[in-house]
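Everything on this sheet refers to the single structure shown next.
The values are calculated or read from the model by the stated rules, or taken from the named source; none is laboratory data. Quick caveat, the model's predicted, so the values are computed rather than measured. Glycine also receives a Cβ, built like all others from the backbone with ideal geometry; neighbour counts cover every protein chain displayed. Just the protein is used for accessible areas: all its heavy atoms, side chains included, with ligands, DNA and RNA removed. Shrake-Rupley method; radii C 1.70, N 1.55, O 1.52, S 1.80 Å.
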Amino acid sequence: MQIEKSTLQYLENLKKNNDRDWFADHKETYLKAQQNAKDVFAEILLNLQKHDEIEKSKMMRIYRDVRFSKDKTPYKPHFANSYSRLGKELRGGYFLRIRPGESFLAGGFWEPNKEDLFRIRKEIELDASEIKDILEEKNYKKYFGGKFESFSELKTAPRGFDKEHPDVDLLRKKGFIATRNFTDKEVLSPNFVQEVDKSYRALRPFFNLFSDILTTNLNGERII
């Protein structure tokens, strides 16, 4: 199972013709491209279930909510899917977006609730060595460049934390995400699904540590 060239071409055409009339005129092509993406996302889920506990898989709608956006184009010129890990016991999740020239996967903790974020920050404040060890892990460096991404960060340390803390760069993050970009050639490769799974497998030490942090107190005692 792989992403077809026609699927990427459809998304490229949609980007150039992002209006309801064009979309309606090419509905059959859309449905074929959508099914191709669904099939690939489904195979990725099967692979994920071999090494993680996935609570929910969701393919994102192609229709944009334009009510509060300056961008009034009605469609997203990409296909995307999220995979949520088992609720309170594990936390976090995986994500994959297929978009010409801008495809990527991600895994981690996008917007932890305030309690989880505070717990992670307290762990960093106390001792960030295990978290930083994850960034130096061989496969994590190979697939994710040895860093955490965050869609937003504070300008300084969060309230109640030392602005001079040696790991203030980690304390400022509002999320902890690993990302890997793909070229169109890589997306169209027959081994793309396998590469996605290799990347997700490389997140195991990251997820194991954060799951442990979020299910224990600072004394290491389980709270769930």
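Before moving on, here are some points about what is shown:
- Two-site FRET efficiency, Arg201 against Lys56, from Cβ-Cβ distance with R₀ of 22 Å, rounded to 0.05: 0.65
- Between Asp133 and Phe104, full extension at 0.36 nm per residue minus the direct alpha carbon distance yields a gain of 8.0 nm.
- The range 5-215 - percent of accessible surface contributed by carbon and sulfur, probe 1.4 Å: 48 percent
- Here Glu186 and Phe118 are evaluated by their C-beta separation; at R0 = 45 Å the FRET efficiency comes out at 0.75.
- Once the chain from Arg64 to His165 is taken as fully extended at 0.36 nm per residue, the excess over their C-alpha distance is 32.2 nm.
- Partner lysines for Lys16 [C-alpha distance under 22 Å; skip if fewer than 8 residues away on the same chain]: Lys5, Lys27, Lys32, Lys70, Lys72, Lys76, Lys185
- Check: the range 5-215 dipole with +1 on Lys, Arg Cβ and -1 on Asp, Glu Cβ, in debye: 660 debye
- Separation between Cα centres of the range 30-66 and the range 170-203, rounded to whole Å: 15 Å
- Heavy-atom accessible surface of the chain, averaged per residue, reaches 56 Å², computed with a 1.4 Å probe.
- For the range 5-215, the C-alpha radius of gyration divided by 2.2 N^0.38 Å, with N the number of residues, is 1.13.
- If the segment from Thr156 to Thr215 were pulled out straight at 0.36 nm per residue, it would be longer than the present Cα-Cα gap by 18.5 nm.
- Over 29 Å between alpha carbons, listed pairs Lys142/Lys174; Lys38/Lys88; Lys163/Lys198: Lys163/Lys198
- Mean ellipticity per residue at 222 nm, deg cm²/dmol - from DSSP H runs of n ≥ 4 across the chain, formula -39500 (n - 2.57): -13000 deg cm²/dmol
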